[in-house]
1. With just the Cα atoms defining each centre, how far is segment B:315-367 from segment B:199-223? Give it in Å.
2. In percent, what relative contact order does segment B:94-235 have, based on Cα pairs under 8 Å that are 6 or more apart in sequence?
3. Can you tally the net charge around A:Glu173? Count Lys and Arg as +1, Asp and Glu as -1, for every other residue whose Cβ sits under 13 Å from the Cβ of A:Glu173.
4. Once amide H atoms are placed 1.01 Å from N in the peptide plane, what residues at a sequence separation of 5 or more from A:Leu186, or on another chain, have their amide H within under 5 Å of its amide H?
5. Can you tally the net charge around B:Lys41? Count Lys and Arg as +1, Asp and Glu as -1, for every other residue whose Cβ sits under 10 Å from the Cβ of B:Lys41.
6. Pick out which of A:Asp211, A:Asp145, A:Asp269 has the largest mean-square fluctuation in a Gaussian network model of chain A, springs linking Cα atoms closer than 10 Å.
7. In sequence order, what are the phi-derived ³J(HN,Hα) couplings for segment A:16-31 according to the Karplus relation 6.51 cos²θ - 1.76 cosθ + 1.60 with θ = phi - 60°, rounded to whole Hz, with x for glycine and proline?
8. Relative contact order of segment A:140-200: what whole-number percent is it, with Cα pairs under 8 angstrom and at least 6 residues apart?
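Nothing in this text is a laboratory measurement; each read-out follows from the coordinates by a stated rule. All figures in this text were calculated on a predicted structure; none of them were measured in a lab. Glycine also receives a Cβ, built like all others from the backbone with ideal geometry; neighbour counts cover every protein chain displayed.
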2 protein chains.
Amino acid sequence: MTFTVTHQDKASGARTGLLKTAHGVVKTPVFMPVGTQATVKTLTPQELSDCKTQIILGNAYHLYLRPGREIIREAGGLHKFMGWSGPILTDSGGFQVFSLAVLRKITQKGVEFQSHIDGSRHFLTPEDIIGIQLDLGSDILMPLDECVPYPAERDYARESLKFTSLWARRSKETFLNRQNKSDGRLLFGIVQGGTYPDLRKQAAEELLEIDFPGYALGGISVGEPDNIKFEVLEHALQFLPKEKPRYAMGLGTPLDIFKAVEMGVDMFDCVMPTRHARNGSAFTKSGKLVLRNAPYARDFKPIEEGCRCFACKNNYTRAYIRHLINTGEILGVRLVSLHNVYFYVMLMQRIREAIQKNKFLELKKEVVNE
Amino acid sequence: MTFTVTHQDKASGARTGLLKTAHGVVKTPVFMPVGTQATVKTLTPQELSDCKTQIILGNAYHLYLRPGREIIREAGGLHKFMGWSGPILTDSGGFQVFSLAVLRKITQKGVEFQSHIDGSRHFLTPEDIIGIQLDLGSDILMPLDECVPYPAERDYARESLKFTSLWARRSKETFLNRQNKSDGRLLFGIVQGGTYPDLRKQAAEELLEIDFPGYALGGISVGEPDNIKFEVLEHALQFLPKEKPRYAMGLGTPLDIFKAVEMGVDMFDCVMPTRHARNGSAFTKSGKLVLRNAPYARDFKPIEEGCRCFACKNNYTRAYIRHLINTGEILGVRLVSLHNVYFYVMLMQRIREAIQKNKFLELKKEVVNE
């Protein structure tokens, strides 16, 4: 079994589980820090381990463009290239092709686009995208999909879904043909369908027919209002089998994570911990601290009292970090990134512990007051 | 005794020594990484210790502007503020007032200038500059001086020297009046005088009359040709007492350091290790590697084989670092900074060991081929 549900919360959809990958077993619910370009921004793999990170994310589109699949393959794969020995999930780059690349042309065969970096032209098929991720040596691969934007017309979302479903089937075929079975790599499916309930249902059913060891919810957290986001999520989840892991792509805030875990989501990724760090915004149990703000200029407490992250336990103060952020010093971003990643990882640990004790809803109330 | 010469090389002016400061004894010749804004760019104090850094530099001008002397004083001084427990030398900011600030007006009383950050107006006397450094808690303080640019007219250099000498005297008086004698803090003198031999002699003599526990050579490495730089340095050094430490401000390349050590210089600071890291340039025993360059794209060796820096001993490859630098990822700058600082610190250790064995010139030939 790839995935085992170890405990189902008695009062909600929240559950704990174990996800077996080629680079170790991941305890779920899990947060995956984003390492788009073969690095979680500003941090070393050693620091990620110290933060108790279980699994990180990479991005096939970005790594295909730079440094290129051949270089990573020659390096012995992404794990060796970047020095991270834990599991890696790679996003297909579907989202990036549609959000970053220009002049794209989508056909049944694949996507043609110009690089957002140098304007160079590329054509990638779903088969290529699987090949790239096999070269990267990803533990969990994602198929090429079209991430439907918000808002999108129904006709557009329906037509888009045809490609996404077709590509999912071809991705699975390529994966089965090309992977070494003993590797234990996993290819997930991605449920699209925009905000249309029937299309989400159709998307889920088409993927289930192909059969994947895990299912991701895509095309959420793309600008839609919060109520729609969670309506779509809850609706789509009911069509997914309880015995498979569910991954909500791109979520989110601590509140988003609590809401989704409550619905039975197991996996999360979000740039928030590192992106917020760049502005000096730190996550704490009592909310977000915007360390740039004047009140912290003479605040010689750590970001969060009692926190065991590198920055807090070594007594880096809010005043010092504020100074570093305000003077553009990279150490400031590093320290807040370390704190924020640790915060997210610890949040998930607390969530898992609470679920085990059937106290998930109590923790949710305590942390996000909902 | 503040400074003890422990060995004089038999074949050159090079010597080893021990410099006693309030935060520990420094083995000389020593390289001081530059931490202008209360951080050696991208690195933590823990990493600096791991690199075997003995002493770092801060800058009174920068820290006076941001975060301000009061905040650092309230934090318990610069050591506590930034979390570095080793010795700190702070530059007065004379160089920065004259290179960064605008609309400056120099009078006998002090300097009036506009901040290079927000244009705010400030007036600082030599007495203020000492007070700021006492607030910072520096182990070694530098007096306000005028760093004469290159080229400079003789009349300009002569007039400038009047202020520098006068300010040195007032700095010493303020230091004696305001410091707590048991602190063991040190105020050095700075020899200016441009490229004019008689002015350099006069500068040195005037400082000797005031009497400092160490002497810095200022106004070198400010754009003058190499031959002039070392002529000025060698000329000025002859007027300085052998039993006091000599500090060549802003030097330099490994070659610069070898040349200056040969003349009897004991202390160095330079932004080169961290500044070069930002462009992905790494120092090695066989010269500088420009890691951005294409040949490194598939080079899976560490920056330098056998190097024990964090980056090399953890097998971060040239190919990976090149990718990080080319994609603007901060981890690349971090890794090269760690390597470069370690390279400089180890270079000084090798220099000290060679001097002890009277083999300094052999080492110089081996490393810089001169």
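1. So the separation of the two Cα centres works out to 31 Å.
2. Working: 208 pairs, mean separation 28.5, N = 142.
Relative contact order for segment B:94-235 comes out at 20 percent.
3. Details: positive: A:Arg169, A:Arg170, A:Lys172, A:Arg178; negative: A:Glu127, A:Asp211.
Around A:Glu173, the surrounding residues sum to +2.
4. Under 5 Å from the amide H of A:Leu186: A:Ile140, A:Leu141.
5. Details: positive: B:Arg275, B:Arg278, B:Arg334; negative: A:Glu329.
Local net charge: +2.
6. Highest fluctuation among the options: A:Asp211.
7. 9, x, 10, 10, 8, 10, 5, 10, x, 8, 9, 7, 10, x, 10, 10
8. Working: 64 pairs, mean separation 31.1, N = 61.
Relative contact order comes out at 51 percent.
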